[in-house]
């Protein structure tokens, strides 16, 4: 499976993709139970999850990197998605309350530069959530799913990247314990796998879900070296 935006959209339109969205969204909702009045930004390909968790947010929109491409979203409404460079976001400094990164980090050529930008646009009280394929899990080896492409991570690797870019690791959850098969019998048992997997084989989860906060040094509110000040959120027309 390729990693362009249309193949991602197709995956999430299938039964297996809908199960993935349901299981992962439930974990996100547990970690972020109340988004009322919050500004929520998706980064990478977060659209299936913004549809589930972002409805009550004061504002929710999505950024897609050039490597993936972009499609219009949400259908039948005013567009809330833009295509751009993950190392130079056209967003005001400290203007976002919650950032959700999924199908993003594993494809970024310069992850540190991207995290510098996410640090800049996130409010001092904000939260960052990053979902990445587990390098030990079966999903990272399944090329028929989006989790089988790009670079998978361990929790330790992801934690080190966050710390190196001035984020504090807050907590970690795992999801997708069901095998990445499309067979009907496997999908019928998906809920049992998801309920029992964390106790029976926690190391084989399909994805790591890591929440982090913004590190602010005493007496300093400067962004990490190399970041640029935001110019305000530009109204970029999405392409179809």
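The values are calculated or read from the model by the stated rules, or taken from the named source; none is laboratory data. As the structure is a prediction and not an experimental result, all values here were calculated from the model. FYI the Cβ positions are ideal-geometry reconstructions off the backbone, even for glycines, and counts take in every protein chain you see.
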Checklist entry - Take the residues of segment 51-60 that are out of contact with any helix residue (DSSP H, G or I) (no Cβ under 8 Å at 6 or more places or on another chain) and assigned to a strand (DSSP E or B): which is surrounded by the fewest Cβ atoms within 10 Å (Cβ to Cβ)? => result 59
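For every residue, the table says whether it meets (1) within 28 Å of residue 98 (Cα to Cα); (2) in contact with a helix residue (DSSP H, G or I) (Cβ under 9 Å, 6 or more places away or on another chain); (3) without any contact (Cβ under 8 Å) to a residue 40 or more places away in the chain.
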| position | (1), (2), (3) |
| --- | --- |
| 123 | yes, no, no |
| 162 | yes, yes, no |
| 167 | yes, yes, no |
| 190 | no, yes, no |
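Yes/no per residue for (1) at pLDDT 95 or above; (2) more than 20 Å from residue 170 (Cα to Cα):
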{"position": "37", "(1), (2)": "no, yes"}
{"position": "61", "(1), (2)": "yes, yes"}
{"position": "65", "(1), (2)": "no, yes"}
{"position": "81", "(1), (2)": "yes, yes"}
{"position": "106", "(1), (2)": "no, yes"}
{"position": "112", "(1), (2)": "no, no"}
{"position": "120", "(1), (2)": "yes, no"}
Checklist entry - Quick check: anything in segment 107-115 touching a residue at least 12 places away in the same chain (Cβ under 8 Å), closer than 23 Å to residue 19 by Cα, surrounded by fewer than 18 Cβ atoms within 10 Å (Cβ to Cβ) and out of contact with any strand residue (DSSP E or B) (no Cβ under 8 Å at 6 or more places or on another chain)? => result no
Next on the checklist: Given the condition surrounded by fewer than 18 Cβ atoms within 10 Å (Cβ to Cβ) and at pLDDT 95 or above, answer yes or no: does some residue in segment 171-185 qualify?
Outcome noted: yes
Checklist outcome for this item: Filtering segment 187-212 down to residues that are part of a loop (DSSP other than H, G, I, E, B) and at pLDDT 90 or above yields 205, 206
Next on the checklist: Restricting to segment 125-157, name every residue that is in contact (Cβ under 8 Å) with a residue 60 or more places away in the chain and touching a strand residue (DSSP E or B) at 6+ places or on another chain (Cβ under 7 Å).
Outcome noted: 126, 127, 128, 129, 130, 131, 132, 133, 134, 139, 140, 147
Next on the checklist: Out of 111, 90, 74, I need the residue that is over 16 Å from the mean Cα position of the chain (by Cα) and under 25 Å from residue 147 (Cα atoms). Which one?
Outcome noted: 74
Next on the checklist: Checking the condition on the phi < 0 side of the Ramachandran plot, assigned to a loop (DSSP other than H, G, I, E, B) and out of contact with any strand residue (DSSP E or B) (no Cβ under 7 Å at 6 or more places or on another chain), which residue from 33, 48 passes?
Outcome noted: 33
Next on the checklist: Of everything in segment 84-104, what is at pLDDT 95 or above and either in a strand (DSSP E or B) or over 27 Å from residue 36 (Cβ atoms) (or both)? Give them in sequence order.
Outcome noted: 96, 97, 98, 99, 100, 101, 102
Item to check | Residues satisfying the stated conditions in segment 1-30, i.e. touching a strand residue (DSSP E or B) at 6+ places or on another chain (Cβ under 9 Å) and surrounded by fewer than 16 Cβ atoms within 10 Å (Cβ to Cβ) | outcome: 26, 30
